[in-house]
Amino acid sequence: MAGKVPNLRDEMKRVKSEVDRVILDQVLPKSSPVREVRLLYTMMRDYPSRPAKGMRPFLCATACRAAGGNEEDAMVTAACIELFQNWILVHDDIEDRSELRRGEPALHKKYPESLALNAGDALHARTWEALLRNRSTIGLERTFRVMEEFSRMVDVTTEGQHMELAWVASKRWDLKEDDYYEMCTRKTSWYTVASPCRLGAIVAGAGAKVLSDLEDFGTKLGVAFQIQDDSLNLVGDEKKYGKAKSDDILEGKRTLILLHLLSAATQGERDRVVSIMNKRRERKTRQDVAFVLGLIDRYDAVGYARKRAAELLKDSLSTLEGIPWKGDRKAVGLLRSFAKFAVEREW
């Protein structure tokens, strides 16, 4: 199908609206005669009800169209990807001691931490239950293929999250750029780009070549996306970004920006940065954060990282152009537009 490619943000909003309808009206319960269970349901609906970009379900629905499938057939899977995103954000915010999520207090700041943790577990369980709804639209075989891909996405994402958390817990700084890329591939690439695209293509019945190319496309773009996310955490507009500025420094995260800074800094500067980053979040002072930010600016560490993100974007677009699509060419154009947005966005 030829013609002008629709506006990316309009399409993302449209898909997100459909996904929200599935999640809030069909998947997540609204009420219970038991007061405590009503509270659980309220907490489960909290993050899904907050404004969000809806990138992952958009990629699922759009890749399905590009591969020759029906977008409606991908909606349950797309909704489950968004549920998965909300589940891991609840847990991620607890693990990182984050204050904000999407411009509002993190769930564990609104409610007792134990209850927030349980609400995340409940979202996880509902995700797998909802995936079974695919049987009536795409059949049993493709439903199992979707669930296999979903399982891989969950496994790899939690491996990447563990890598990052373990680096902080062990105060490890003998890391190279390749270590960061490996962590990002596992933590970010699979659940942000590769699996959403592959899941949509699986729903459409795509073959091995398309799925393999989407893995390559998603891996590269996912790392570039994470680099931009790391950059926005330091230099972005907090109101647009929706998370406290410089949180990555407070959390002690190992980013490409920090690794470049450590490789460029003097020994004295490096020692002080490591000392600051190894402090517990509550012990870091404004002066500590200002010192690290000053060095990041001095050594143009954000510029270095964004240059690498631009290179990864170029490589991912090259892969995208070589995929043997059988469906809607406008959808392919939207995937191209999304790739550029993911790396050039300011929110």
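Numbers for the structure displayed
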{"quantity": "Structure-based [θ]222 nm, the chain - -39500 (n - 2.57) summed over DSSP H runs of at least 4, per residue, nearest 500", "calculated": "-22500 deg cm²/dmol"}
{"quantity": "Pairwise centroid distance, computed over Cα atoms, of the stretch 272-329 with the stretch 51-122, Å", "calculated": "22 Å"}
{"quantity": "Among the listed pairs Lys16/Lys253; Lys109/Lys253; Lys110/Lys171; Lys53/Lys284, those beyond 25 Å (Cα-Cα)", "calculated": "Lys16/Lys253; Lys110/Lys171; Lys53/Lys284"}
{"quantity": "Positive-end extreme of charge dipole, the chain - chosen from Ser98, Leu8, Ala66 (charges on Cβ)", "calculated": "Leu8"}
{"quantity": "Point-charge dipole on Cβ atoms (K/R +1, D/E -1) for the stretch 259-301, about Cα centre, debye to 20", "calculated": "300 debye"}
{"quantity": "Protection proxy ranking of 285-293, 52-60 - average other beta-carbon atoms within 10 Å, highest first", "calculated": "52-60, 285-293"}
{"quantity": "Exposure proxy order (Cβ contacts within 10 Å, fewest to most) of Trp325, Trp190, Trp173", "calculated": "Trp173, Trp325, Trp190"}
{"quantity": "Placed amide H near Arg101: partners under 5 Å, 5+ positions off or other chain", "calculated": "Ala106"}
{"quantity": "Length released on extending from Asp10 to Thr158, taking residue separation times 0.36 nm less the Cα-Cα span", "calculated": "50.1 nm"}
{"quantity": "Residue exposure sequence - Thr77, Thr137 - by fewest surrounding Cβ within 10 Å", "calculated": "Thr137, Thr77"}
{"quantity": "For the chain, Kirkwood radius (reciprocal of mean inverse C-alpha pair distance, Å)", "calculated": "20.8 Å"}
{"quantity": "The stretch 179-302 - charge dipole about Cα centre, Lys and Arg +1 at Cβ, Asp and Glu -1, debye rounded to 20", "calculated": "400 debye"}
{"quantity": "Order of Asp46, Asp315 under a 10 Å beta carbon neighbour criterion, fewest first", "calculated": "Asp315, Asp46"}
{"quantity": "Axial C-alpha extent at least 30 Å, average Kyte-Doolittle at least -1.0 - helices from the chain (DSSP)", "calculated": "75-96, 135-169, 208-235, 301-321"}
{"quantity": "Cβ-placed point charges (K, R +1; D, E -1), dipole of the chain about Cα centre in debye, nearest 20", "calculated": "700 debye"}
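Readers should treat all values here as calculations from the given coordinates under stated rules, not as data from a laboratory. As the structure is a computational prediction, the values presented were derived from the model and not from experiment. Reconstructed Cβ throughout: ideal geometry from the backbone, glycine too, with neighbour counts over all protein chains shown.
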